[in-house]
Amino acid sequence: MLKLKLVTAFEKIFNSRFRYLLLAWLIIVLFVTVQMGLVGFYKPEMHWPLNYYIFFFIKQLILGIVFIHFYVIPIYDLIKKIKSTTLKILSFFGHGFVFGTLLQFIVSFLNELKINNAITPQFKDRFYNLFFTDLHNSIRTYLILIAILFAYDYFRKNTKSIIAQKNLENEMNKVKLESLHAQLQPHFLFNSLHNIVALIDEDKQKSQQALIYLSDLLRYTVNLQPENLVSIAEEIETIKTYLFIEKARHEEKLNVIWEVQTDIKDLKVPPLIAQPLIENSIKHGFKENRNILTLIISITKEMIKISNNGSPLSFPIDKGNGLNLVEKRLEVHFPNRFEFKIKQDKEWIINTIIFHANV
């Protein structure tokens, strides 16, 4: 338990912004230590023993940890809460001045103890000398630390804002998809039941089998998660189940041709995205009592295309509820990364969903 508390306390102290400040302080101290060594190299009279450089580095590092944790960060957090901009600026000036003064005093004090093993009458003069000659370096260090704190807070605030916005968008999309899913279910159910009712008087056995397939499809629609994509293999199986219901009614009048590319296993699509296209193609394809309707289902890793040679399109094109649902669901899953087109090409009416790159 004690070990866990110590680990928790350590993690709390060495949080992200503290680590950034400590890294900056470490780099500054390292540069100053190297600078002192270079001065001693070119001016032997100013050369210090190795243990002095080690003492200086360790001393400055410990000072940095203490100052950052107990003075810089706590006072910075207090000043941030001041509402008046003028008072806030003045407080930062005072904060920086006190930082520089305290740092110079402690450095002078530790140097005095190291050199003389006691505080001598000359300590005051040495402190004033260091204060007036080196205060600007301490203030510069302070400004670097405060700049890092400002940058950290700015990016953390922006990151939180972006995450919150993204979470809100995801929630809104989920609600929107659930709403579209709720619209899709009755639309799909009513149309399928209408087909089966029309089949009952013609062939009781086929109508019973069609009801079994319909129950499978309804179970699938109830259990699916509208915010998730499904594999194209799963979508193809769903299409085949739906087509059995249609084939039971239209029999040999409905001719289905599959053109499926072999390398499409990585394609993921919204569930039941192709079913309304097929349903619409069959419904409108037989509008003028055609003897045979050919339906071509073409699937590649970038496209789903449903073509039929049924009744020609009327202009302007009325997409209706089913096709509007397709477009809305695609927009939620692939915003600005898809195309949904319906066109007449000679005797063929072609419904095409094109998935752009990086979907």
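Peptide packing for 313-322, 51-60 was compared via the average number of neighbouring C-beta atoms within 10 Å per residue; ordered from the highest value, the list is 51-60, 313-322.
Modelled spin-label separation between F97 and V222, with each label point placed 7 Å from Cα along the Cα-to-Cβ direction: 7.6 nm. All C-alpha to C-alpha distances of region 81-138, sorted into 10 Å bins beginning at zero, yield P(r) values of 22, 39, 21, 13, 4 percent in whole numbers. Taking the average, over residues, of other Cβ atoms within 10 Å as the packing measure, peptides 152-161, 261-270 rank 261-270, 152-161 from highest down. Taking the average, over residues, of other Cβ atoms within 10 Å as the packing measure, peptides 114-125, 339-350 rank 339-350, 114-125 from highest down.
If you average the C-alpha positions of region 226-273 and of region 95-110 separately, how far apart do those two centres end up, in angstrom? First find each Cα centre; the distance between them is then 75 Å.
Listed cross-link partners K287/K341; K157/K268; K268/K305 are compared with a 27 Å cut-off, the Cα-Cα value being larger for K157/K268. Annotation: amide H-H contacts under 5 Å for V230 (H modelled 1.01 Å from N, sequence separation of 5 or more, or interchain): V269. Neighbours of L90, meaning other residues whose beta-carbon lies under 15 angstrom from its beta-carbon, give a summed charge of +4 when Lys and Arg score +1 and Asp and Glu score -1.
Read the figures in this text as sums done on the coordinates, not as results from a lab. None of these values were measured; they are calculated from a predicted model. Glycine also receives a Cβ, built like all others from the backbone with ideal geometry; neighbour counts cover every protein chain displayed.
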